[in-house]
Amino acid sequence: MFFLQYRTTGLPDRPDITARYGGAIVSCWVERPTSGDAEVVAKEMIASKGWQVVESLEINQLSDGDHGMSENARQYYEQALLDKEVLVFFVYPPGETRT
């Protein structure tokens, strides 16, 4: 299981997103054999929702023994074990940025 996090903005052809949001931080839990495979899946899923990756913030391999996970992160991790991928968008308003 890989945890990936990206800073994103709405795709130029999605004014419904770009007018409403300044961007989003997207946290991804993806079950794939390699980090490269997980990254491809995460970026494709982000694009399918109308967003584009601006910056990669984090890529880490996780295991069930990772005790430092918050309760929310643990829930997403466990859901990804079932569904193979979980994406969570933390959106912010126009004119703001996040890192």
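Under 5 Å from the amide H of residue 62 lie the amide H atoms of 2, 3, each residue being 5 or more positions distant or on a separate chain, with H modelled from the backbone and absent for Pro and chain starts. Computed FRET efficiency, Cβ-Cβ of residue 60 and residue 13, R0 25 Å: what is it to the nearest 0.05? My answer for the efficiency is 0.20.
Helix 35-48 axis versus longest C-alpha principal axis of the chain: approximately 40°, rounded to the nearest ten. Helix 71-83 and the longest principal axis of the C-alpha atoms of the chain enclose an angle of approximately 80°.
If you find the alpha carbon centre of segment 30-48 and of segment 69-99, how far apart are they in angstrom? One Cα centre to the other: 14 Å. When shorter helices are ignored and each DSSP H run of at least 4 residues is given -39500 (n - 2.57), the per-residue value for the chain at 222 nm works out to -9500 deg cm²/dmol. For segment 1-92, trypsin sites (Lys or Arg not before Pro) are listed when DSSP marks them as loop and at most 14 other Cβ atoms sit within 10 Å of their Cβ; the list is 20, 84.
Rule-based calculations on the coordinates, nothing more; no lab input. Computed from a predicted model, the values in this text were never measured in an experiment. Ideal geometry is used to build each Cβ from the backbone, glycine not excepted, and the neighbour counts take in all protein chains shown.
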